[in-house]
1. Can you report the number of residues in the stretch 194-205 which are surrounded by 11 or more Cβ atoms within 10 Å (Cβ to Cβ) and under 26 Å from residue 106 (Cβ atoms)?
2. Look through 208, 140 and report the one residue that is at pLDDT below 95, farther than 28 Å from residue 94 by Cβ, surrounded by 15 or more Cβ atoms within 10 Å (Cβ to Cβ) and over 16 Å from the mean Cα position of the chain (by Cα).
3. If a residue must be touching a residue at least 12 places away in the same chain (Cβ under 8 Å) and more than 18 Å from residue 53 (Cα to Cα), how many such residues does the stretch 30-42 contain?
4. Taking only the stretch 158-190 into account, find how many residues are outside any helix (DSSP H, G or I) and either within 16 Å of residue 27 (Cα to Cα) or at pLDDT below 95 (or both).
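The values are calculated or read from the model by the stated rules, or taken from the named source; none is laboratory data. These numbers come from a predicted model, not from an experiment. Cβ placement follows ideal geometry from the backbone for every residue including glycine, while neighbour counts extend to all protein chains displayed.
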């Protein structure tokens, strides 16, 4: 539901970037500032990291459970990244969109392609670029969550991930986190106002013309 009582269909906002380019930080701050959007919680087969909470950060499942979800078509998208599987449960997203609620996705280009195949009209995709390769590596090492071999693997993967920038609706350069966040919020607000998403606009305009 948008302002003035006009019914609106929700949208899927995707933020993608190489690991370390800032999409997770931007996602968290966007959720703090905007009560009209919530995070899609993915399922994953990777081990839980320190501080992660079941159902908030991810739903942690076994490879066998994940396979069942794929076979039963209970995932909107799924991919294998660095040896682990990640996927988006279908039902909660479809229910949210129908109610006019927006859903935020922190996924890679493979997942974004799959979402586009299933629901292109609901999708708004943003690719976040790092200012430089050196800065990207610095950010990865600053996180201190991954050993050197994992950091090296993420850096090797970054070039391939960046090559998919042209598949996205918007591309944002993350030199300054506050400026990047403001740009993402501007994109979200503009997309919410698109005529095709305001499903109740016709009835609202009719009432205006009827003097109601």
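1. Matching residues across the stretch 194-205 total 2.
2. 140
3. The qualifying residues number 5.
4. Within the stretch 158-190, the first condition is being outside any helix (DSSP H, G or I), and the residues that meet it are 163-164, 168-176.
Then keep just the ones that are either within 16 Å of residue 27 (Cα to Cα) or at pLDDT below 95 (or both); that gives 163-164, 170-176.
Qualifying residue count for the region: 9.
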